[in-house]
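Below you'll find the structure, written out as structure tokens, and then a few comments.
The values are calculated or read from the model by the stated rules, or taken from the named source; none is laboratory data. Bear in mind the structure is a predicted one, so any value in this text is a computation, not a measurement. When we count neighbours, we look across all protein chains shown, and the Cβ atoms used for this are built from the backbone with ideal geometry, even at glycine. With ligands, DNA and RNA removed, areas are computed over all heavy atoms of the protein, side chains included. Shrake-Rupley method; radii C 1.70, N 1.55, O 1.52, S 1.80 Å.
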Amino acid sequence: MSTHAPSGVGAAVEAVALPLLALAGAVLLFGGFVWLGGTSPVETWTLLFMGAFGDAFSWQNTLQRAAPLMLTALCVAIPQRAGLMVIGGEGALVLGGLGCAALPYVLSPPSGVAGTALVLCAGALTGAVWMALVGTLRQFRGVNETISSLLMSYLAVALFKHFVEGPMRDPDSLNKPSTLPLREDTLLGLIPGYEVHWGLIWGALACVLAGIWLYGSTHGFATRVVGGNARAARLVGLPVPTLVITACALGGGAAGLAGAIEVAAVHTNANASLMAGLGYTGILVSFVARHNPWAIVPVAILFGGFGAAGSLLQRRLDLPDASVLVLQGFAFVLILASEALRGRLGELLTRPVPGAVAHEPVAKAKAPTIEELAS
């Protein structure tokens with residue numbers, strides 16, 4: 001009997017183990033970081049957990065912070081499945097918030113659910129158009145999507161500031177420039193019985209649907225084939241430019257929806273508070289989730305918990321509220337470093353037991369199938 005573990009099992013364990021080990025290492029490093037400042041690491045770790053998941057209030061704060069992270073992570077995950085590394089979710093988010101707030105300047109949305117859906121769609125459409133430009137530049141001009149999406153984020157922030165502080169500024173917003181607030185009947189309310197807005201449901205639903213589309217539809221399969229090998233995709237007749245631009249648009253639409261939800265559920269108008277780094281945190285969430293839309297949901301909740309715990313660390317330990325950004329930085333560095341171990345952990349898991357004899361004949365090498373390219 002062979003003592004080799006199936007290669008798929010090793011790869012699956014590796015895909016889960018490496019991010020978990022990286023996160024554990026980040027938490028340990030963060031403990032050492034605060035220890036250098038004279039703070040107890042054990043107390044810090046305890047308060048991190050309590051601030052994120054210790055009681056009902058902490059859970060609600062965590063879930064509310066997780067909602068936009070689910071959507072901004074999709075802005076990275078979906079284009080990545082088409083072979084692109086897009087990191088411009090922050091720009092799509094702020095323009096999505098601006099598009100949501102700008103709709104009443106153009107037309108008066110209806111009241112109730114229809115009006116709420118309309119302002120959210122305006123934000124999602126704005127983000128989709130913005131990110132579709134990244135895919136277009138990549139396919140037709142050969143511009144690197146990582147660089148273009150990052151630079152376009154700076155352009156998006158500049159456009160946001162121009163309109164919020166200029167043509168769309170509410171005359172009553174003196175110290176903090178902002179747009180006119182949305183009508184109360186178009187705002188996104190709270191889930192009954194909880195202090196969490198409906199954006200959480202929208203974010204989780206978007207992740208579920210994105211996973212179903214990627215792994216359960218012909219179009220999603222074709223997108224993954226493009227991400228696996230664009231040349232092979234062209235050889236079998238797939239419309240590579242269309243698939244790539246569509247993936248970018250879907251990712252941008254998710255980030256734009258995140259911005260619209262922040263406006264319609266949290267701020268009620270577009271202002272500088274939208275530029276809170278949610279798009280950049282979404283990059284980390286997507287990497288930890290291995291760009292799997294279904295895995296994004298729990299990872300976003302974890303990072304939402306980190307953000308929620310910041311205020312408790314500030315109150316109890318006199319640490320800056322932004323100290324959790326150091327934890328996120330450690331996590332990002334270790335996640336990237338863990339890629340150097342990818343493949344080696346699987347080798348350890350599939351290594352035969354010393355002295356055992358394998359009886360299976362050696363398999364002949366064969367060309368990868370389309371399904372393998374898309375995995």
| message | Let me spell it out: the conditions are (1) over 24 Å from Y280 (Cα atoms); (2) touching a Leu at 6+ places or on another chain (Cβ under 9 Å), and V143 meets all of them except one. Which number is the exception? | response | (1)
| note | Per the filter on segment 103-117, residues surrounded by 17 or more Cβ atoms within 10 Å (Cβ to Cβ) and in contact with a Leu (Cβ under 8 Å, 6 or more places away or on another chain) are L103, P104, P109, T116
| task | For segment 234-241, state whether one or more residues are of a type in the set (A, V, I, L, M), over 18 Å from the mean Cα position of the chain (by Cα) and surrounded by 23 or more Cβ atoms within 10 Å (Cβ to Cβ). | result | no
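Can you work out which of the residues in segment 265-295 that are of a type in the set (G, A, S) and surrounded by fewer than 18 Cβ atoms within 10 Å (Cβ to Cβ) is farthest from M168 (Cα to Cα)? Reasoning before the result, please.
Here is the first cut: in segment 265-295, the ones of a type in the set (G, A, S) are 265, 270, 272-273, 276-277, 279, 282, 286, 289, 295.
Checking which are surrounded by fewer than 18 Cβ atoms within 10 Å (Cβ to Cβ) leaves us with 272-273, 276-277.
Values: A272: 13, S273: 16, A276: 21, G277: 23 Å.
Among residues in segment 265-295 that are of a type in the set (G, A, S) and surrounded by fewer than 18 Cβ atoms within 10 Å (Cβ to Cβ), the one farthest from M168 (Cα to Cα) is G277.
Among the candidates G91, G31, single out the residue that is farther than 22 Å from L214 by Cα, open to solvent by less than 50 Å² (accessible area, probe 1.4 Å) and within 20 Å of the chain's Cα centre (by Cα). Walk me through it before giving the result.
Numbers: G31 fails: within 20 Å of the chain's Cα centre (by Cα).
After applying the criteria, what remains is G91.
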| In segment 145-159, what residues are open to solvent by 20 Å² or more (accessible area, probe 1.4 Å) and of a type in the set (A, V, I, L, M, F, W, C)? | I147, L150, L151, M152, L155, V157, A158, L159
| message | Considering only residues that are surrounded by 15 or more Cβ atoms within 10 Å (Cβ to Cβ) and of a type in the set (A, V, I, L, M, F, W, C), which ones fall in segment 160-175? | response | F160, F163, V164, M168
| task | Kindly list, by first and then second residue, each pair from a residue in segment 51-65 that is closer than 17 Å to V297 by Cβ and part of a helix (DSSP H, G or I) to a residue that is open to solvent by less than 50 Å² (accessible area, probe 1.4 Å) and of a type in the set (S, T, Y), limited to pairs with Cβ atoms under 8 Å and residues at least 6 apart or on different chains. | result | A52/S58; A52/T62; F53/T62
| request: Determine whether I301 is under 18 Å from the mean Cα position of the chain (by Cα), open to solvent by less than 20 Å² (accessible area, probe 1.4 Å) and touching a residue at least 12 places away in the same chain (Cβ under 8 Å). | output: no
| remark: Of (1) open to solvent by 10 Å² or more (accessible area, probe 1.4 Å); (2) modelled with pLDDT of 95 or more, G203 fails just (1)
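Could you say which residue among L334, L317 is closer than 26 Å to A56 by Cβ, at pLDDT 75 or above and of a type in the set (A, V, I, L, M)?
L317
Is it the case that A128 is farther than 23 Å from E165 by Cα, open to solvent by less than 50 Å² (accessible area, probe 1.4 Å) and at pLDDT 95 or above? Outline the logic, then answer.
Details: farther than 23 Å from E165 by Cα: yes; open to solvent by less than 50 Å² (accessible area, probe 1.4 Å): yes; at pLDDT 95 or above: yes.
Against the criterion (farther than 23 Å from E165 by Cα, open to solvent by less than 50 Å² (accessible area, probe 1.4 Å) and at pLDDT 95 or above), A128 qualifies.
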